[in-house]
């Protein structure tokens with residue numbers, strides 16, 4: 001390029017003033033474009049950054065097929081003790097929390113009126129017994145007609161029935177326990193007047209407790225009486241109680257599509273009626289199943305799949321699932337023993353994404369250096 005000369009002429013100086021800024025701007029543009037292109041090429045060589053993930057290995061362990069549900073615990077037997085007669089409670093012989101047996105006297109009521117009625121009917125019965133004995137002798141001598149003798153016999157039978165009824169009413173003054181169990185509630189105090197058919201105690205049999213599950217009909221062929229049941233209650237976290245399936249309802253409710261499964265547990269200890277329980281019924285076991293953590297399963301797709309780490313990249317692998325047992329999922333096909341599956345960081349992954357497994361040394365990649373742009377020679 002020829003050097004620019006400035007003459008003294010007014011036109012030559014004006015042309016130089018216009019041309020010089022243009023040349024400077026053109027040089028700056030060429031230099032900036034070169035640096036941007038070098039940086040873009042370096043980024044292409046570097047590639048996308050690896051996503052940090054946590055993994056777990058597919059392993060073998062025992063796994064059980066089970067059905068889980070929730071239900072409150074109920075006493076196997078419960079009874080309301082009611083008064084069969086009216087009267088003043090002379091004495092109350094049981095308190096809440098006391099263990100009682102069937103037939104034990106709980107309350108004694110005032111029985112003076114019933115005792116008088118029993119005595120009155122007994123006297124009438126003895127009178128008729130004596131009359132009937134004399135009438136039978138006279139009838140044998142043909143001194144009394146057979147009709148009169150039969151009438152006295154019928155009156156005697158009626159008096160005997162009235163006496164038995166009076167004695168029964170007298171026995172109701174002693175209120176007894178209909179079942180064995182624990183007094184859960186006492187509703188009267190000594191001196192209270194008790195009306196007939198009034199509840200005065202509530203007894204529950206806590207020797208065995210029950211939990212009723214409403215199970216979908218698809219499980220009807222798998223659940224059978226005698227299967228083991230594990231129980232966890234909210235009141236005692238960390239403790240496991242064992243029981244069995246006691247009985248299964250033979251019909252399916254047409255409205256809900258469920259059937260009743262009743263499990264029983266040993267009571268009389270820490271378990272009490274009314275506790276809310278979480279039940280697990282194991283109906284099949286596999287001693288050596290290939291499993292992965294349940295959190296490794298992808299939930300954004302209809303078909304079950306997992307991300308498997310291979311050569312610092314992930315591959316979305318469809319799997320065939322077997323049993324689910326707590327935090328474990330059985331893999332029937334798709335993953336091999338020892339392969340690493342992603343359990344954390346799945347949301348940022350796609351099939352083929354580069355990953356960095358946490359806890360393992362990071363794989364270093366070559367860093368591309370951008371070539372420095374050289375100024376064009378004039």
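Read the figures in this text as sums done on the coordinates, not as results from a lab. Everything numeric in this text was worked out from a predicted model, so none of it was measured. Neighbour counts run over all protein chains shown; Cβ positions are idealised from the backbone, glycine included.
Sorted largest first, the spans of the alpha carbon positions of the stretch 213-355 along the three principal axes are 58, 36, 29 Å. Available extension along the chain between residue 179 and residue 140 is 8.8 nm, counting 0.36 nm per residue and deducting the alpha carbon span. The slack between residue 208 and residue 60, meaning 0.36 nm per residue of separation minus the straight C-alpha distance, is 49.5 nm. With contacts taken as Cα pairs under 8 Å and at least 6 residues apart, the stretch 111-172 reaches a relative contact order of 55 percent. Using 0.36 nm per residue and subtracting the Cα-Cα separation, the extra length available between residue 336 and residue 167 on full extension is 52.6 nm.
Once C-alpha pairs closer than 8 Å and six or more residues apart are averaged by separation and normalised to the residue number of the stretch 77-192, the relative contact order reads 50 percent. The overall shape of the stretch 111-172 is prolate: from the C-alpha gyration tensor, with semi-axes ordered a ≥ b ≥ c, the ratio a/c is 1.5 or greater and a/b exceeds b/c. Label separation (residue 222 vs residue 234): 2.6 nm, computed from points 7 Å beyond Cα along the C-beta direction. Distance between the modelled labels on residue 98 and residue 316, one decimal in nanometres: 7.1 nm (7 Å Cα→Cβ projection). What the pair-distance distribution of the stretch 187-294 shows, using all Cα-Cα distances binned every 5 Å from zero, is 2, 9, 16, 15, 14, 13, 11, 7, 5, 3, 2, 1, 1, 1, 0 percent. Size descriptors for the stretch 263-322: radius of gyration and Dmax over Cα atoms are 19.6, 59 Å.
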